[in-house]
Structure formats: structure tokens, C-alpha cells
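Structure first, commentary second.
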Amino acid sequence: MFVTIAAKSQTLYYLEYHDNTDKKDYFGLWSYFDETETYLRCIPDDEEGNIWDCLYTGGRVEKNGKSFVVYSPQPNEPVEEGVYPYFVFTEDNDIPYVVYRIADVGTGKMKKSKDFFELDLAQCDEEIISTFYDKDEEMYSLLLQAHKNAKEYEEQPQEVVSENNVENNASDGGEVTMHFIMVAATKDPTIGKSVETDLNLVYPEFQNYAKRLGIGFKSHLISGYDVSAENVTKEIQNLKVGKNDVVVFVYSGHGFRFDNDTDPYPRMLLTYDELTEDYVEENQPYLAVSDVYDAITKKGARLTIVLSDCCNSSLGMDRPEIESNALAARGSNNYDVEKLKKLFLLPSGAMKVTAAKAGQVALCDNKGGFLLTSFLNNLRKQISATTTVEPSWQTIVENSSAFVRKKTEGFDEEGKSRDPQVVVRSINLAGSAAVSGEASSLADLNSSNSSSDDDDSLFAGLLCILLPIIVVVILIIVIIKLLKSKKQNNNNQNYPPAR
């Protein structure tokens, strides 16, 4: 169990609460995995209580017109309700309440925890770790390594270029610069708050990756009333990259498609003007995600990543902001530099990902767009110093897609079954664990829950499967012939030749 937990943990929290079952105070180390799962180990304030740990899953509970985020215990073996506490977060309080029955959520039986705060891994030293884990436990060594990595990150002297609109010179030789471009519709009256959350989450995250890797970082941010097709086009045209550079393009805002579009990827709506079909046709305040992707990949960077969190539906369908079961994305400096290198310094090629298939809206809440928050959480999990998995862009995107689908399934405001979002992606990287292609047609895309392989990727995939089979068959034929030859030689030795 501990190996499984260690493979996921990325952010730590300290918890202190009073347990009504044995009337003792407990101190807890809360390991945050992703938007829906955490793991809690608790120790009593004396030597007489029980040390316990349990997996928790998070979800939203509506009670008496109020919304609560509830972490529910998921023990290995079935136990009666009341053995493990539930932890309840309210909209106006960051410290959880404690209850022992799900029915008590939203009632006067909720008792506030004594303390709850995020632990700085750089300060979470061996003494603190040994308070909760023995030295022979897997989690102990992984947390200690995470602490060392965080200390190195904190003490890292290298400065990176982070100012907007800096002189954009290409990298030389083997040096690497990360060019980060983000277009964020923060002034949109319907989703501006969610988009601003995306900007505040994604931008510093990639800036920190560059710092941890010790590479250059150049940001190109287009937000507020500067969002326009002209400004985005100009920024991409002026982009100068070196052959070993990394380009990351992120869009958060409204998206749409024309009824006759065949491209499975949407168009980014880059205006705050009141829209009509005539206005859109005349002024063309948009850029196609695929066109942006093509323009950036032609710059010749070693690695290109294009992410668009926007609708992929007909013009006029608003991107809704809803209440979800997702928990807020958490920041972390728990980076393993070797894992970062495997994602940003080794692969070459390009990938593009958009939040929804053709005809779908892309959902968001006050914590950000579902694609970007899921992508960040899964990326953080892959590069965490407390993970034991091999980092892979393929896994990050596939897990993000599964998270988005899970967060968007259910029912809409009218009680009708909602069509879960399907993330559309194309990943074509060398030096990566896996390769997948994009949808070859709109019909193929809408007939499945994920994008289909294009012809080249399909051929490559079939070749990878058939080649080992062909080799084995050839070896079998060779062995059979050798055996027959040996038998014939034996026959020649035992009998006189025929006349």
C-alpha cells in the first residue's frame, strides 16, 4: 500500500484534530495526490492511541442549499461508519471540519479541526518525516528525497528571464530556452475569473520548471483587452527559437467551430466584442488551433506543446462555468530534476491537445478550466520527487483526458445526462515512451471517446506490432530448416548412399 501511495504523492499538508471516538488529539500528515485523492497518516498526541492511515477521495456534497467539499475515507477493508472521520471544507474556510457520518455534513455536528496548512517540503526535514514514518518504510525515503530536492530548488542561484516582451533571441548551440506563450481571455464577462485562475496557475508553473532545469525562460503573455487575432499572430511571427528550444503555447478562453469545419480542433475566439455571425465573418476575430500549431512547429524548436482549453461547439454556445467535484490544483516545488529532464530536455517533436471534441463545450469552474487543471495535476504527479513512475507525456495526456471525462460526467441543470468531455490530442514525439496520432477525420473523432490514429501513426503502430512477429516467424523457419538439415546428415551417416 505504501509503495502505491508513494508513487502518487506530490504535496503535503499538516493536520491537527480532536477525535471524538477515543477523545484524543491527533496529528496528521496529509499527502495530496491529485484533484480527487489524498492519503492521511495520523498519530496520537500520546503513546496510548492508535496510529492509523487511510486513502481519502474528495467530492462535492450539496446540503441545505450549500456546497461542501468532502473527503471520504476509503479503507482497505470494510469498516463501520464512524471508525474513520470525514473531513469537510466549506467555501469560506480553508480548515476542514470533522464528522463521523456523511449524514452529519452541513449540520451542527461538524467540529472544526485545530489546524491545517501546507507543508513547505524544504522545511519538512528528517525529524518531521520520522515523526510519521519509520526509516524502513518506502514513504520515509521518498519524502526525504523530496525534501532534499526542495532544498536544492530553494537554494538554486540561477536567475531566468521572466519579463514579458523581452528581446527574443534564439538559443545557441546546445543551450535550451523555454518560450512560454499564453493567451488568456481574462476580461471575458462570463469566464474571465476562471481564465485568470488558469493564467495564475499555468504561467508560474512553467517558469518554475525552467528555473529548476537551469534553462532560459522567455514569456509572451497576451491577456485582458490585448487579446486579439492580430496580437497573437504578431507574437508568433516574431518568435525566434533555437533548434534545441522548447515552445509552450497555452490558450484559455472561448472557442468555436463553423458548421462546415472538418478539422477536429476548434478556433480560438479572440475578441470581447458582442458577436454576431456577420461580425465574425467580416472581421475574423479568431485563429484556428491547428493553424497556430502549424505556425509554431515550423519555427523548428526541438519540442512544441500546444494546449487549448476552450469550447469546440457552434458559434454562440457559451462556455459554461459549473460547480464540480474537482478540488483546486495545488502548487508544489516537489520537482525531481531528472524527471523534468526526461520530459523537457530529451523528447523531440510536437503535441497539441484541446479540451473537447467537435460539437462539445469545454467546462470550467472557479478553479480554472478542467483541461488545464487536470493537465497540471498529472504533470506534477509525473515529476514529483515522491513518485516511482517513469515520466511520460503520453501518460500525462491520457490521465488528464480521463480526469476531464470524470469531472464532466453526470447531469446538467435540467437533469439530463451530460455528454462527458472528450479531450482531443495528437502526440508525435521521439525519445518518448509512447506515440499517438490525431483524428484522421471528424467522423472518426466523434465516433469514439478519444482521437484515432492518423495514417502515418497507424502504419507505424502496425509496423511495431508486425515486425517482432515477422522476426519470430523467420527464426522458427530457420530453426526448422537447421533441424531438418541435421537429421539429413544423420541419415547420410547411418545408411549407404543410393545407387
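The values are calculated or read from the model by the stated rules, or taken from the named source; none is laboratory data. Given the structure is predicted, the values throughout are model-derived calculations rather than measurements. Cβ: placed from backbone, ideal geometry, glycine included. Neighbour counts: every protein chain shown.
The set of residues from region 82-134 being acidic (Asp, Glu), within 17 Å of Lys148 (Cβ to Cβ) and outside any helix (DSSP H, G or I) comprises Asp120, Asp125.
Taken over region 31-45, the criterion of being modelled with pLDDT of 90 or more and in a loop (DSSP other than H, G, I, E, B) is satisfied by no residue.
Per-residue answers, yes or no, for (1) out of contact with any Lys or Arg (no Cβ under 9 Å at 6 or more places or on another chain); (2) over 13 Å from Thr354 (Cβ atoms); (3) at pLDDT 95 or above:
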position: Ser252; (1), (2), (3): yes, no, yes
position: Tyr265; (1), (2), (3): no, no, yes
position: Glu282; (1), (2), (3): yes, yes, no
position: Ile296; (1), (2), (3): yes, yes, yes
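For region 1-28, the candidate set comprises residues that are outside any strand (DSSP E or B) and at pLDDT 75 or above; within that set, the residue that is surrounded by the most Cβ atoms within 10 Å (Cβ to Cβ) is Asn20.
Restricted to region 222-250, and to residues there that are out of contact with any Asp or Glu (no Cβ under 7 Å at 6 or more places or on another chain) and in a strand (DSSP E or B), the residue that is surrounded by the most Cβ atoms within 10 Å (Cβ to Cβ) is Val246. Restricting attention to region 346-367, the residues that are assigned to a strand (DSSP E or B) and over 17 Å from Ala402 (Cα atoms) total 5. Out of the residues in region 189-221 meeting the condition of being of a type in the set (A, V, I, L, M) and not in a helix (DSSP H, G or I), tell me which one is farthest from Lys342 (Cα to Cα). Filtering region 189-221 for residues that are of a type in the set (A, V, I, L, M) and not in a helix (DSSP H, G or I), the one farthest from Lys342 (Cα to Cα) comes out as Ile191.
A quick yes/no check of all residues on (1) at pLDDT below 85; (2) surrounded by 15 or more Cβ atoms within 10 Å (Cβ to Cβ):
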{"site": "Gly49", "(1), (2)": "yes, yes"}
{"site": "Ser67", "(1), (2)": "yes, no"}
{"site": "Asn76", "(1), (2)": "no, no"}
{"site": "Val83", "(1), (2)": "no, no"}
{"site": "Phe87", "(1), (2)": "no, yes"}
{"site": "Glu91", "(1), (2)": "yes, no"}
{"site": "Ile95", "(1), (2)": "no, yes"}
{"site": "Val105", "(1), (2)": "no, yes"}
{"site": "Asp115", "(1), (2)": "no, no"}
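Pairing each residue of region 133-149 that is outside the structural domain of Thr387 (by TED's automatic domain parsing) with any residue that is among the aromatic types (Phe, Trp, Tyr) and outside any helix (DSSP H, G or I), provided the two are 6+ apart or on different chains, yields C-beta distances under 8 Å for Met139/Tyr133; Tyr140/Tyr133; Leu143/Tyr133; Asn149/Tyr335.
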